[in-house]
1. Throw me the Rg/Rh for segment 238-289, computed over C-alpha atoms with Kirkwood Rh, two decimals.
2. How are the Cα pair distances of the chain distributed, in percent, across 10 Å bins from 0?
3. What is the sum of charges around residue 25, taking Lys and Arg as +1, Asp and Glu as -1, for the other residues whose C-beta is under 10 Å from the C-beta of residue 25?
4. Suppose R0 equals 25 Å; then what is the FRET efficiency for residue 38 and residue 59 from their Cβ-Cβ distance, rounded to the nearest 0.05?
5. Could you work out the percent of alpha carbon pairs in segment 7-181 separated by over 27 Å, rounded to a whole number?
6. Would you mind telling me the antiparallel percentage of the DSSP bridges in the chain, rounded to 5?
7. What base-10 log of the normalised intensity I(q)/I(0) is obtained for segment 75-155 from the Debye formula, alpha carbons as equal point scatterers, at q = 0.17, 0.23, 0.26 Å⁻¹?
8. Grab every C-alpha pair in segment 516-624, bin the distances at 10 angstrom width from 0 up to the longest one, and report whole percents.
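No value in this document is a laboratory result; all are computed from the given coordinates. Only a predicted model underlies this, so the values are computations on that prediction, with no experimental measurement involved. Because the Cβ atoms are built from the backbone with ideal geometry, glycine has one as well, and the counts that use them run over all protein chains shown.
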Amino acid sequence: MAEERVQRRLSAILAADVTGYSRLMGASEERTLAQLKAHRRNLVEPKISEHRGRIVNTTGDGMLVEFASVVDALRCAIEIQRGMVERNTEVPSAERIEFRVGINVGDIIIDGSDIYGDGVNVAARLEGLADPGGICVSSRVQEDTRGKLDIAFEDRGEQQLKNIAWPVRVYRVDLGGEAATARPVQPLPDKPSIAVLPFVNLSGDPEQEYFADGITEDIITDLSKISALTVLSRNTTFTFKGRAVEIGQIVQRLKVGYVVEGSVRKASGRVRITAQLIDASKDSHVWGERYDRDFNDIFALQDEIAQTIVAALKVRLLPAEKKAIENRSTRNPEAYEMYLQGWHHFKHHNANNLQMAIRFGQRALEIDPRYARAWALIARCQGALRLRGQLQESGIAAVENALSLDPSLAEAHVAKGFVLSHLGRYDEAVAEYAEALRLDPDSSEARFDFGLTCKEFGDYQAAMEHFECASRLNEEDYLVWSNLSQIYQALGREDEGRHAARRSLACIEKEVALHPDNALAMVWGIGNLIHLGDNERAKDWISRTFIIEPDDAFTHYNLACDFALMNELDRSLELLESCAHKISASVVVNYLKHDSDLAPLRNHPRYQALIAREEARLAAAQAKQEVS
């Protein structure tokens, strides 16, 4: 008998599902089903028919669609997602149906009306990587549609997709920033709105990157002090760092009227800054200048740039605002440069970098003892090292120095909140975070640290709200997404937890590629891999992390959490018993009592004994403190 030949063809495959479907059904089955049917009947199915697609199957909240043309497939997905934004405008956020879409082009196997093969499997995995309201595509889709549709693509790098033997390069479709959050498009504000893009480092020395970033951040800070302007936060605009993106695409995504871009070159005691202001509505230059100055003139130069932009926009600069711009916490350029280097190290989070940040901060204070920002930086680093059991100093003295010099310094209030929370002074910490947000409502650092404090004290609902705000302010921060994943899972919101874990893992993979020795990124990546069901890869990362950080108590605590998640309880307990006493007692007691990752250990006698020992250690420390 002749063997039947397998039928194959090349097709574009669209896979879609509903974000948080289980949560929506749990809240109201009837409402969710009625909404989903209405969306399919009135938007999804007509769009698929319009673009010549064929619905292969539907399963609950999922859908698989085949297209002969990849352009048709992507155009259909875009119109559906944009249509959903309009349909969700008046719907409460907790009740919105938001689709995730993945598109791939590949060879498929035909079996009657059904289709199979890696071409289909990749599309399904891409759908899982998409944001709520978003679209992820493979490199083949990006290549075949590039220039044919009025959209931009964000390169998410190569991803190892579950049950796919080879890495797949993933691209996120930029829908203008609105579809992913299902918010109606807002008109531009009445006052001028500005995005300051990261200035390019032209010094020929990658180690000078900190200086270009610092100049950019300070220009953003200066312009933010002007009430007549709306200025996007540093965390928003720095998502474009190192990316070649056209101004028109940036404007479409950020919805701003003006863009500032420029470059920095620092060498031989001089600094050259070029800057230009672009009117987004006309795609024309409003102002541009090149400054070539002695490095000692850096503060006057920053003042001049900010005030020239204000003059070019023809807005009023109030006397108090001019004074605020000129208040830089120090007027010594050498101290400023030391601070920028310290801040650069602080952002890498690991213990060695925190120690380096303290040394740079101390050098800045040797030059200018009244430098409030340097005191705040030292306080934050001391608090983080004490948390890891590597320093006795809490940071409270340094942060009090910062606030005595400048009570209006938001970052000092953030640092004080962080320090107080790890001294067990929860109510005082909350008050400091609230004051920081009053002074700087767009501070992602304040939101993140506030969320951490709420999480550590078991207030998951408040933690979720702060982490969600932080994720909107800084969408590329793996720590935000990792913590948000934990919180969602603790609250039983499994789909959202997996989505946040995927977002975090994508950011972590980029970070580890750049900095393979970043143990903090590795341990959070391990937790995400476990949440996503990839225990084998998680175990490989655990082995690597032990090599990178063989002695760090904080790293070992996090690895203990990972073993608990994998139900390897004995290994988890061994690590906890070996590292807990090295971490601040007030911190570790809160962690042991409230960390949701350790839930599998809650009723274990060894775990309960460990908590009792750490509570006794905390009581002894508090008694000693009262005596002294």
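1. Rounded to two decimals, Rg over Rh is 1.05.
2. 3, 14, 24, 25, 19, 11, 3, 1, 0, 0
3. Local charge sum for residue 25: -1.
4. Once rounded, the FRET efficiency stands at 0.85.
5. On the way: 3248 of 15225 pairs.
Taking all Cα-Cα pairs of segment 7-181, the fraction more than 27 Å apart is 21 percent.
6. Working: 56 of 66 bridges.
Roughly 85 percent of the beta bridges in the chain run antiparallel, per DSSP.
7. Evaluating at q = 0.17, 0.23, 0.26 Å⁻¹ gives log10 I(q)/I(0) of -0.78, -1.11, -1.24.
8. Result, from short to long distances: 15, 47, 29, 7, 1 percent.
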